[in-house]
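The values are calculated or read from the model by the stated rules, or taken from the named source; none is laboratory data. Quantities reported herein were computed from a predicted structural model and do not represent experimental measurements. Reconstructed Cβ throughout: ideal geometry from the backbone, glycine too, with neighbour counts over all protein chains shown.
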Amino acid sequence: MAILELKNLTKRYKNFTALDNVNLTLEAGRIVGLLGPNGSGKTTMIKLANGLLQPTEGYIAIDGKLPGVETKAIVAYLSDKEALPNWMNVKELIQFYKDFFKDFDEARATEMLQSLNISLTQKLSKMSKGTKEKVRLILTMSRRAKVYFLDEPIAGVDPAARDYILRTIISNYEPNALVLISTHLIADVENVLDEAIFLKYGHIIMHKNVQEVVEETGKSLDEYFREVFAC
């Protein structure tokens, strides 16, 4: 059953079209890569799905509903910007998530934080960028959501942190959920993906099973991506 559906989805900003008549259907139980260079429309699509932007034309539906209060209750969203209050410590952030999301699993979050030796009394403002990203991801993945939107979750962190982040995603998402990972760092994520979507200038130019891409092209997903998006 489709958990995410885009129908003739278009988003324009004055004279710029970020998404142009996009049609897409994604099913639950899959990890899908939303892949494209910066400026291809990835973040716009995810913001539309989260109700942070409104479509110019067409619509987007999550579990059969337009983005709104009902969908926010089943969607876990990791934005590409730091949005958590910097003055809070980890314990306060956990309480913050508990207050907002009924599906938040405090035990899951605490276990992951302890595995990284991240103190509950440590403030976000005192953390390195890599540690902040890990905390933000742990809080997101500690929800028992139906859909996880992860916008550039590995950008700007070192390779060791990327490995941890990807392991966390694989190990902690709900098995019957959809995970949509937006990134331009293909080599780092291709081994965890079931499907890949190539987005270019606001158009979907490919949506396939990753194994199919490898078998049909004889190339890794990263190699094929570089070929398709060569300057």
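A few remarks follow.
- The combined condition, being out of contact with any strand residue (DSSP E or B) (no Cβ under 7 Å at 6 or more places or on another chain) and on the phi > 0 side of the Ramachandran plot, is not fulfilled by residue 202.
- Odd one out for residue 131, checked against (1) of a type in the set (S, T, N, Q); (2) more than 23 Å from the chain's Cα centre (by Cα); (3) surrounded by 13 or more Cβ atoms within 10 Å (Cβ to Cβ): (2)
- Cβ-Cβ under 7 Å pairs, at least 6 apart or on other chains, region 70-91 side without any contact (Cβ under 8 Å) to a residue 40 or more places away in the chain, far side assigned to a helix (DSSP H, G or I) and surrounded by 19 or more Cβ atoms within 10 Å (Cβ to Cβ): 86/124; 88/124
- Against the test of being within 23 Å of residue 36 (Cβ to Cβ) and of a type in the set (Asp, Glu), the options 106, 111, 92, 152 yield a single qualifying residue, 152.
- Candidates are the residues of region 195-221 that are free of Cβ contacts under 8 Å to residues at least 24 places away in the same chain and part of a loop (DSSP other than H, G, I, E, B); the one that is surrounded by the most Cβ atoms within 10 Å (Cβ to Cβ) is 219.
Listed here are the residues, each with its yes/no results for (1) under 20 Å from residue 162 (Cα atoms); (2) more than 22 Å from the chain's Cα centre (by Cα); (3) of a type outside the set (S, T, N, Q); (4) surrounded by fewer than 16 Cβ atoms within 10 Å (Cβ to Cβ).
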site: 81; (1), (2), (3), (4): yes, no, yes, yes
site: 91; (1), (2), (3), (4): no, yes, yes, yes
site: 94; (1), (2), (3), (4): no, no, yes, no
site: 113; (1), (2), (3), (4): yes, no, yes, no
site: 126; (1), (2), (3), (4): no, yes, yes, yes
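- Some residue of region 142-150 being β-branched (Val, Ile, Thr) and under 19 Å from residue 45 (Cα atoms): yes
- On the stretch given as region 120-143, residues that are among the hydroxyl-bearing types (Ser, Thr, Tyr) and out of contact with any helix residue (DSSP H, G or I) (no Cβ under 7 Å at 6 or more places or on another chain) total 4.
- So residue 192, is it in contact (Cβ under 8 Å) with a residue 40 or more places away in the chain, of a type in the set (Val, Ile, Thr), more than 30 Å from residue 17 (Cα to Cα) and surrounded by fewer than 16 Cβ atoms within 10 Å (Cβ to Cβ): yes
- Test: residue in region 62-75 that is crowded, with 19+ Cβ neighbours inside 10 Å, at pLDDT 95 or above and closer than 27 Å to residue 131 by Cβ: yes
- Filtering 155, 177 for residues that are surrounded by fewer than 22 Cβ atoms within 10 Å (Cβ to Cβ), on the phi < 0 side of the Ramachandran plot, touching a residue at least 12 places away in the same chain (Cβ under 8 Å) and out of contact with any Gly (no Cβ under 8 Å at 6 or more places or on another chain) leaves a single hit, 155.
- Hey, residue 118 over 19 Å from residue 30 (Cβ atoms) and either modelled with pLDDT of 85 or more or among the basic types (Lys, Arg) (or both) or not: yes
- Odd one out for residue 54, checked against (1) surrounded by 21 or more Cβ atoms within 10 Å (Cβ to Cβ); (2) modelled with pLDDT of 95 or more; (3) in contact with a helix residue (DSSP H, G or I) (Cβ under 8 Å, 6 or more places away or on another chain): (1)
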